[in-house]
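What follows is a set of notes on a single structure, which appears directly below.
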Amino acid sequence: MKPFFVHKPPRFRDFWLRKLTGGFSLTELVVVIAVLAVLLAVSLPAFFKVQEAAADKLVRHEMINAYKECKTSTIRGIQAPKYTIMLDMHRTNGYYKFYQKYNCIRLRDGSCAPTIIGNCFGPLGAHEIGVRKVKGDGEGGELWMNLNTGKKTQRGEIKWH
C-alpha cells in the first residue's frame, strides 16, 4: 500500500511560477538598476576612448587618400587634379576641423588668387590639407600634409604615427 500524504511538498517549478506571477519586489528592482548603472559608468569612458581613437585613424586615412588621389591624377596628366573632400569628417563626432591652405603671392590689394576646396594645386603650387583637434586628448594639435610632396607635419600633442 502507498503512503498517503496530507501535504504535498512544493516542487521547484511551482515555486518559481508563483514567484514570477507575483512580480518583483522593490528591492530586487533597485539592485538590478544599481548594477546596470555601475556597468554603464564603467563602460562609457572606455567607449568614448575607442570612439576618439577611431576618429584619429579616420582623419589620417582620409588625408593620405587625398594625397594619393592628387599624385595619381598628376601622373595621369589631368590638368586640374582634384581630391575628394573629406566627407567622412562628420563621423569624427566633432573631434577635428578640416583646413586647406596654399601659398600665394599677394595681389596689390592684399588678396590672393581664389582657389577651390578640393583642388590639389593653387595658383602658385601645391595645397596643404590639415586638421585641428578641437576636443579630446591632444586638443589644439594639428596635422598637415602637402598634396604634392606628401610631407607630413604635426604641431601640438597629436602625432602622425
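Quick notes
- Net lengthening on full extension, Trp160/Val31 (0.36 nm per residue, minus Cα-Cα): 41.8 nm
- Between Thr153 and Ile116, the modelled label-to-label distance comes to 2.7 nm, taking each label 7 Å out from Cα in the direction of the beta carbon.
- Simple point charges give the picture: +1 on the Cβ of Lys and Arg, -1 on the Cβ of Asp and Glu, and for region 108-161 a dipole about the Cα centre of about 100 debye.
- A cut-off under 12 angstrom between Cβ atoms defines the neighbours of Tyr67, and their net charge, with Lys, Arg +1 and Asp, Glu -1, is +2.
- In this label model, Phe47 and Cys104 are separated by 4.5 nm, measuring between points 7 Å along each Cα→Cβ vector.
- Length gained when the stretch Ile78-Glu139 is fully extended (0.36 nm per residue, less Cα-Cα span): 18.2 nm
Taken together, the values in this text are just the output of simple stated rules run on the coordinates, not laboratory data. Note that the structure is a prediction, hence the values are computed from the model and not measured. Neighbour counts are summed over all protein chains in view; Cβ atoms, including those assigned to glycine, are modelled from backbone coordinates with ideal geometry.
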